[in-house]
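Since the structure comes first, as structure tokens, the remarks are kept for the end.
Bear in mind that the values in this text are calculations on the coordinates, not laboratory data. What you see is a predicted model, and the numbers here were worked out from it, not measured in a lab. Here Cβ is always computed from backbone atoms with ideal geometry, including for glycine, and neighbour counts include all displayed protein chains.
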Amino acid sequence: MHAEYRRTSELRKPGIGMYERACAEHAIDRQRSFMIGDKALDIEFGRRARLRPILVGNAEPVPGDDFVRAADFASAAASVLAELPRSMPKARG
């Protein structure tokens, strides 16, 4: 990365400023949200934003067991779909 773009900001991962802004502007259901990424930084972002993190691939070592490991993005999507029925509110009727 070019030196002029290297800076710390809550609007850059692992800061959650952009996510917080999006939640304020849109109807994002935090309880049903996930963070899918292939870097340790993505998992840290997910933790800080209190999302359910999913790590794709094994390129980077990530400490802890509070996230799901997926071989590829299709497997990550399958993990999300498997989890959603449990996290969705019951239909009223």
Task: Total formal charge among the other residues, if their Cβ is under 10 angstrom from that of SER33, Lys/Arg +1 and Asp/Glu -1 - done: +3
Open item on the list: Less than 12 Å Cβ to Cβ from LEU55, Lys/Arg counted +1 and Asp/Glu -1: what total charge do the surrounding residues give?
Closed with: -3
- [ ] Quick one: which residues, 5 or more positions from ASP38 or on another chain, have an amide H under 5 Å from its amide H? H modelled 1.01 Å from N in the peptide plane, none for Pro or chain starts.
- [x] VAL56
